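S.K.: Can you read through this structure? Questions will come right after.
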Amino acid sequence: MIPQIMTRLRSMRLTGMADALNQQQEQPGTYDELSFAERLTFLVDQEETERNNKRLARLLRSARFKLSARLDDIDFEHPRGLNKSQVASLSSCDWLTRHRNLLITGPCGCGKSYLACALGHHACLQGYSVRYYRVSRLLEELTLARGDGSYSKQLRQLEKTDLLILDDWGLEPLTQEQRNDLLEIMDDRHEKTSTIVTSQLPTKEWHASIGDATLADAILDRLMHNAHRLKLKG
């Protein structure tokens, strides 16, 4: 009966339980003294672990991080205005639960992208969906999406993402269409999800960089309202 049970478990996509049952069969002396409830608990635990691992792998794959970054690997010795208490506070993910944004500014090479990716990786570990983009690449994709009819679908995907990372904000002039795209994104996500933005420009220059005063007011109001800010030094 055991081979039949394992086949049925796999057909129901309970591969963790099937593998755990196979392990019990191959190592009978290890499990003979356990009660039925204990052996069943082992099967359930294995299934839960496998599902969690698959979910994490799927989240990390979907995030498409620019860098393989970890919070544990952040260098706090370098004098750049970043301390452990700030990172510890962000690692609690309370800001994600409360749908707050995070704005990271500083000169080139101070670790903005690394910190953003490290926080994104940590969010994946906690079960949040994350997506990384360079701002210019995202806007290019949205332009193409308009042409192939997938624009609305892509906006919905961005809206549902728990944490959106927008890297290199303000490096290039924006067209009117791109300003409209940013407003759509920020409006859809406002107080529903969280966004990390990194930029070499100080936040006081973001308004001018957008290029349209009315749209800049609308975009930045949604982005900066109740946002946490980190100003890194280089």
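S.K.: Please find, among 221, 188, the residue that is in contact with an Asp or Glu (Cβ under 8 Å, 6 or more places away or on another chain), on the phi < 0 side of the Ramachandran plot and either at pLDDT below 95 or not polar (S, T, N, Q) (or both).
M.R.: The conditions single out 188.
S.K.: Evaluate the range 42-64: report whether one residue or more is among the β-branched types (Val, Ile, Thr), open to solvent by 60 Å² or more (accessible area, probe 1.4 Å) and under 30 Å from residue 14 (Cα atoms).
M.R.: So far as the range 42-64 goes, yes, one or more of its residues are among the β-branched types (Val, Ile, Thr), open to solvent by 60 Å² or more (accessible area, probe 1.4 Å) and under 30 Å from residue 14 (Cα atoms).
S.K.: Specify the residue that is modelled with the highest pLDDT; the eligible residues are those in the range 24-33 that are open to solvent by 90 Å² or more (accessible area, probe 1.4 Å) and not in a helix (DSSP H, G or I).
M.R.: My answer is 33.
S.K.: Here is a further query. Take residue 171 and tell me if it is out of contact with any strand residue (DSSP E or B) (no Cβ under 7 Å at 6 or more places or on another chain) and open to solvent by 60 Å² or more (accessible area, probe 1.4 Å). Lay out the reasoning, then the answer.
M.R.: Numbers: out of contact with any strand residue (DSSP E or B) (no Cβ under 7 Å at 6 or more places or on another chain): yes; open to solvent by 60 Å² or more (accessible area, probe 1.4 Å): yes.
Taking the combined requirement at face value, the residue satisfies it.
S.K.: Being of a type in the set (S, T, N, Q), under 19 Å from residue 195 (Cβ atoms), under 13 Å from the mean Cα position of the chain (by Cα) and in a helix (DSSP H, G or I) is the requirement here; does residue 89 meet it?
M.R.: It is false that residue 89 is of a type in the set (S, T, N, Q), under 19 Å from residue 195 (Cβ atoms), under 13 Å from the mean Cα position of the chain (by Cα) and in a helix (DSSP H, G or I).
S.K.: Taking the condition of being farther than 20 Å from residue 189 by Cβ, among the small types (Gly, Ala, Ser) and touching a strand residue (DSSP E or B) at 6+ places or on another chain (Cβ under 8 Å), how many residues in the range 95-129 meet it?
M.R.: Residues that pass the stated criteria total 2.
S.K.: Another one. When you look at residue 166, is it in contact with a Gly (Cβ under 6 Å, 6 or more places away or on another chain) and under 18 Å from residue 221 (Cα atoms), yes or no?
M.R.: Answer is no for this residue.
S.K.: Moving on to the next point. Under 8 Å between Cβ atoms, which residue pairs at least 6 apart in sequence (or on different chains) link something in the range 93-113 that is over 20 Å from residue 205 (Cα atoms) with a partner that is at pLDDT 95 or above and of a type in the set (Val, Ile, Thr)?
M.R.: Listed pairs, sorted by first residue: 99/193.
S.K.: Separate question: Within the range 63-76, can you find the residues that are part of a helix (DSSP H, G or I) and in contact (Cβ under 8 Å) with a residue 40 or more places away in the chain?
M.R.: 63, 71, 73
S.K.: Take the conditions open to solvent by less than 50 Å² (accessible area, probe 1.4 Å), small (Gly, Ala, Ser) and either modelled with pLDDT of 85 or more or assigned to a helix (DSSP H, G or I) (or both) and apply them to residue 18. Does it pass?
M.R.: For residue 18, the condition - open to solvent by less than 50 Å² (accessible area, probe 1.4 Å), small (Gly, Ala, Ser) and either modelled with pLDDT of 85 or more or assigned to a helix (DSSP H, G or I) (or both) - is met.
S.K.: Hey, another quick one. All but one of (1) under 27 Å from residue 127 (Cβ atoms); (2) among the aromatic types (Phe, Trp, Tyr); (3) open to solvent by 60 Å² or more (accessible area, probe 1.4 Å) hold for residue 36; state the number of the condition that does not hold.
M.R.: Of (1) under 27 Å from residue 127 (Cβ atoms); (2) among the aromatic types (Phe, Trp, Tyr); (3) open to solvent by 60 Å² or more (accessible area, probe 1.4 Å), only one is false for residue 36: (1).
S.K.: Within the range 139-155, identify whether any single residue is exposed (fewer than 13 other Cβ atoms within 10 Å of the Cβ), free of Cβ contacts under 8 Å to residues at least 40 places away in the same chain, over 26 Å from residue 74 (Cα atoms) and within 17 Å of the chain's Cα centre (by Cα), and answer yes or no.
M.R.: Checked against the condition, which is being exposed (fewer than 13 other Cβ atoms within 10 Å of the Cβ), free of Cβ contacts under 8 Å to residues at least 40 places away in the same chain, over 26 Å from residue 74 (Cα atoms) and within 17 Å of the chain's Cα centre (by Cα), the range 139-155 yields no hits at all.
S.K.: Give just the number: which of (1) under 13 Å from the mean Cα position of the chain (by Cα); (2) in a loop (DSSP other than H, G, I, E, B); (3) not hydroxyl-bearing (Ser, Thr, Tyr) does residue 79 not satisfy?
M.R.: Among (1) under 13 Å from the mean Cα position of the chain (by Cα); (2) in a loop (DSSP other than H, G, I, E, B); (3) not hydroxyl-bearing (Ser, Thr, Tyr), residue 79 violates only (1).
S.K.: Next up: Could you list, in sequence order, all residues of the range 143-191 that are in contact with a Phe, Trp or Tyr (Cβ under 8 Å, 6 or more places away or on another chain), over 22 Å from residue 211 (Cα atoms) and charged (D, E, K, R)?
M.R.: Residue satisfying the conditions is 162 alone.
S.K.: Check 220, 230, 182, 201 and return the single one that is more than 27 Å from residue 129 (Cβ to Cβ) and either open to solvent by less than 30 Å² (accessible area, probe 1.4 Å) or not in a helix (DSSP H, G or I) (or both).
M.R.: On the way: 220 fails: more than 27 Å from residue 129 (Cβ to Cβ); 230 fails: more than 27 Å from residue 129 (Cβ to Cβ); 182 fails: more than 27 Å from residue 129 (Cβ to Cβ).
Testing whether each residue is more than 27 Å from residue 129 (Cβ to Cβ) and either open to solvent by less than 30 Å² (accessible area, probe 1.4 Å) or not in a helix (DSSP H, G or I) (or both) leaves just 201.
The values are calculated or read from the model by the stated rules, or taken from the named source; none is laboratory data. Everything numeric here is computed off the predicted structure, so don't read it as measured data. We place every Cβ from the backbone using ideal geometry, glycine too, and count neighbours over all the protein chains shown. Note: areas computed on protein heavy atoms with side chains; ligands, DNA, RNA excluded. Shrake-Rupley method; radii C 1.70, N 1.55, O 1.52, S 1.80 Å.
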